[in-house]
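One structure is given here, and the rest of the page talks about it.
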Amino acid sequence: MNSSQDIKPAEILTGFIDTHIHTSPDVKPRLLNDYEAALEAKESGMAAIVIKSHVEPTAGRAYLAHWVTGLPVVGGVTLNHNVGGLNPDAVESMASMGGKIVWLPTIHHHEIKLEADPLEEILNLVIENNLVLATGHLNPGEIFQVLDHCRSLGVGKVLINHPLTRVVGASTDEMKEMARHAYLEHCWVATMPRHDKLDPMVMVEAIKEVGAQHCILATDFGQQHNPSPVMGMQMMMASLIKQGISGEDITLMCRDNPENLLFK
């Protein structure tokens, strides 16, 4: 892909990876189950998807979705109260089942303290098992606290989840500093009417300020009131291309960067 003029939204997903999809079964209504999300992505030419739950590990579910569709499906564990908070045992069992991502607290981030000892044990497991550490719904101050621990221990794969959403609320300067040590995951759900109503230009400007080499694009879709994840990805690509993001940068953020993070 050499320019935005070369790209058609219906074709753009070939080889791409969505690093943030919510599927059923879940405690909240979801548009698609694991199998349906994987099949839709495969039929659209995507290379892989990540399925996430706030309340249970998804490594086993990802294995089954991959087994029945043939599409690589990545799972992990979110360290909310449902799995014991900062629970190294939950991380270890997830990794033993082939999971790849450890999300720090999301829906319970206000209630779970980032205590140094369990956090260090979890980060060591991330290193030992070549996992990805994702920052969940932590605020910028907490994210920098985690990044300090990651640097001191040598954690190599870190993902800052949706920094532009209200729940995280990172400034441009904060995102630039975060990008020195992690990928920034920009999620299209933030632009949706029933979510943050983020102006897409804010996302475009953030990508240009930080640099596409430090960013990953994802949908964070799966809610019943939003389009399907594949349609959301197509919407995101079409909008960002229209706003001046190049084809090379789209490919970097949707194929190369997530591939390096998840499969290298």
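Remarks
- Candidates Val204, Val230 - the one that is within 17 Å of Arg30 (Cα to Cα) and assigned to a helix (DSSP H, G or I): Val230
- Number of residues in the range 201-248 that are under 19 Å from Ile51 (Cα atoms) and either in contact with a Gly (Cβ under 6 Å, 6 or more places away or on another chain) or not hydrophobic (A, V, I, L, M, F, W, C) (or both) equals 13.
- Members of the range 141-160 that are part of a helix (DSSP H, G or I) and either under 22 Å from Ser53 (Cα atoms) or of a type in the set (Lys, Arg) (or both): Glu142, Ile143, Val146, Arg151
- Thr106 under 22 Å from Thr23 (Cα atoms), without any contact (Cβ under 8 Å) to a residue 60 or more places away in the chain and surrounded by 23 or more Cβ atoms within 10 Å (Cβ to Cβ): no
- Here Ile21 clears all of (1) in contact with a Gly (Cβ under 7 Å, 6 or more places away or on another chain); (2) hydrophobic (A, V, I, L, M, F, W, C); (3) free of Cβ contacts under 8 Å to residues at least 60 places away in the same chain; (4) not in a loop (DSSP other than H, G, I, E, B) except the condition numbered (3).
- Each residue in the range 186-196 was checked for being among the polar types (S, T, N, Q) and touching a residue at least 60 places away in the same chain (Cβ under 8 Å), and 0 pass.
- When Asp199 is tested against (1) of a type in the set (Asp, Glu); (2) without any contact (Cβ under 8 Å) to a residue 12 or more places away in the chain; (3) within 24 Å of Leu262 (Cα to Cα), just one condition goes unmet, and that condition is (3).
- Candidates are the residues of the range 152-179 that are of a type in the set (Lys, Arg) and over 14 Å from Val132 (Cβ atoms); the one that is modelled with the lowest pLDDT is Arg166.
- Matching residues, the range 61-86, being more than 30 Å from Glu40 (Cα to Cα) and surrounded by 19 or more Cβ atoms within 10 Å (Cβ to Cβ): Leu86
- Residue, nearest to Val132 (Cα to Cα), within the range 49-106, restricted to residues that are acidic (Asp, Glu) and assigned to a helix (DSSP H, G or I): Glu92
- Test set (1) closer than 20 Å to Asn257 by Cβ; (2) among the hydrophobic types (A, V, I, L, M, F, W, C); (3) assigned to a loop (DSSP other than H, G, I, E, B) - Leu114 fails condition number: (1)
- Candidates Ile127, Ile160 - the one that is touching a helix residue (DSSP H, G or I) at 6+ places or on another chain (Cβ under 7 Å) and surrounded by 21 or more Cβ atoms within 10 Å (Cβ to Cβ): Ile160
- Positions within the range 220-255 being farther than 13 Å from Ala37 by Cα and among the hydroxyl-bearing types (Ser, Thr, Tyr), in sequence order: Ser239, Ser246, Thr251
The values are calculated or read from the model by the stated rules, or taken from the named source; none is laboratory data. Source: prediction; values computed, not measured. Because the Cβ atoms are built from the backbone with ideal geometry, glycine has one as well, and the counts that use them run over all protein chains shown.
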